[in-house]
1. Below 14 Å, Cα to Cα, which aspartates and glutamates can residue 176 reach? Residues fewer than 8 away in the same chain don't count.
2. Taking H as built 1.01 Å from N, whose amide H comes closer than 5 Å to the amide H of residue 543, not counting residues under 5 places away?
3. Using the Karplus curve 6.51 cos²θ - 1.76 cosθ + 1.60 with θ = phi - 60°, work out ³J(HN,Hα) for each residue of segment 349-356 in order, rounded to whole Hz, and write x for Gly and Pro.
4. What net charge is computed for the residues neighbouring residue 228, neighbours being all others with C-beta under 10 Å from the C-beta of residue 228, Lys and Arg scored +1, Asp and Glu -1?
5. Considering amide H positions built from the backbone, and no H for Pro or chain starts, which residues 5 or more places from residue 350, or on another chain, come under 5 Å of its amide H?
6. Amide H neighbours of residue 340 under 5 Å, at least 5 residues apart or on other chains, H built in the peptide plane: list them.
7. Which ³J(HN,Hα) values, rounded to whole Hz and listed in residue order, are derived for segment 511-521 from phi using the Karplus coefficients 6.51, -1.76 and 1.60 in 6.51 cos²θ - 1.76 cosθ + 1.60 with θ = phi - 60°, glycine and proline given as x?
8. Among 91, 333, 348, rank each residue by its count of other Cβ atoms within 10 Å, from fewest to most, as a rough exposure measure.
Amino acid sequence: MSTRDDRPESDFLSRPVTRRQVLKGAAVVGAGAALGPLLAACGGAEPTASPSPAGGAPKTGGTLRVATAAGSSKEDLDVHAPALTIPVMGMRFNIYDSLLEKDAQGVLGMALAEEIVPNSTGTEYTVKLKSGLEFHDGKSVTADDVVYTFKRILDPKKPGLAAPQLRGLTPDGIKKVDDLTVTFVLETANAIFPETLAVYSCGIVPTGYDPKGGDGAIGTGPFKVEDFLPGQKGVLAKHPNYWRADGGPYVDTLEMIEFADSTAQLNALLGGAVDYCQMLEGAQRTVAEGAGMVLLEAKTGSWIPFTMRTDIKPFNDVKVRQAFRLLVDREQMMAQGSGGMQWLGNDMYAPFDPGYPSDLPQREQDLEQAKSLLKQAGYDNNLTVKLTTSTSVSPGAPAAATVFARQAKSVGVDVKVDNVTGDVFWGDEYLKYQFAMDNWGTRGYLEQAGMGSMPDAYYNETHWDHPEWLALVEEAFKTVDDAKRNELITQASTIEYNEGGYIIYAFDKQVDAHSTKVAGVIPDVSGLASAANNARYRLAYLV
């Protein structure tokens, strides 16, 4: 792992961060300052590229065909809209760039931005763009595009996915300074604002951008859209004027092909129909290795939770939520649901966040206490719930759901597992399920809260609305002192541990497989896009 400056963020807020510093490994920003060391301590994956059998410099040319999970016919490539499926998220990662980015180890650095200069209170951030940046259509990237991008995200009539994370920023606070410089003036401090500038849903787009499906989906990323069939595949062509001096893209064409289930994905790889397969199940590792495929592994903070909707019966009663968490034999679920390709969770997300309360007791199965809580809530061997899951969530999700149903049966809870196709799961009922499963990548606590737990978060799938918790989170967003912010995060996370709507039994060790003719891909701790390489296909090449 590269050396980095681990001074507190309050010191970061007093100095500019330039691209040269970041490339030298001399500066990190936001939660990344504390994220890196914890990743190392927890065994986060070192970014070691898959070796090239032929050795030497990466080769250029050819088509890389990638097998992804099932998607939906409602997919689109608008980077600011919610990404309702895993495949379309991976496509967006390759089409767009943000101002900042996180590397494969979770360290925050520059992307389209040359530097970011904050004031001392976290209420103003001035961003200077690199010169010579081009969109896919050949238009130069300017400050006008950055202003348009963030005003589009913050449009009150149609807010973008990242809007809740850009806390404190309003359209009036986005100021063009010159052709390459924009200042963001926030109404209230936002200590993780630089981190938010790195999320894919803050991808920079050209003025006037308003795509329909794949038409008009123009970014600055390593690949541009050539063809897009929602729920089937995306065909992306190399961006000839991509801004990075090194690091790809190397292949001429990237095809991301959606398959109905994980078995079909692996069979496509084994049969030569694709070159790369995302997210193997535990039992598939041996099959892939036996067939001569190369495995790419990453220990991540990605999580596959059970989601309990806290605003409707039976989960509007905290006793029921507590009981359901006590039903889980986590070790058994990891062994049978993923073949051991997970590490133990404790019903809290963001395990690499410095505010994560790691000293809370590890929750274990307690069937007697679960039965007692259910009886107090008025359920005495008479509770039936439907659990919605899909292999499009994760290859092992249906198996984990089956394990849960069997464990719940022992206390008289009848869990009916509804294993649906990806098109159904990500359809109109997504985010409305009474009890379901989902897939989240590695994020810091506040970033995740803004995405999935705050009342105004688009993906608030548990319909969590807890005033005391919300007050702590909002205060944490405004707190630039690391120690004080981490304490607030610890308190907020503890409330979720005791009362929240998630069952987080484990975090993922993700494994992809690819043929021996693919090289250059690296493991990534993010766990996003359900790929061990975080869909970072600009690094891949064919040998």
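1. 124, 144, 145
2. HN-HN under 5 Å from residue 543: 518, 519.
3. Here the 3J(HN,Hα) series is 8, 6, x, 8, 5, x, x, 4 Hz.
4. Details: positive: 233; negative: 75, 76, 215, 226, 227.
Overall, the nearby charge balance is -4.
5. 443
6. Here 335 satisfy the definition.
7. 9, 9, 9, 8, 6, 5, 8, 9, 9, x, 6
8. On the way: 91 32, 333 26, 348 22.
If I rank by nearby Cβ atoms, fewest first, I get 348, 333, 91.
Values quoted throughout were computed directly from the atomic coordinates according to the rules given, and no laboratory measurement underlies them. Given the structure is predicted, the values throughout are model-derived calculations rather than measurements. Counting neighbours? That spans all protein chains shown, and the Cβs are built from the backbone with ideal geometry, glycine included.
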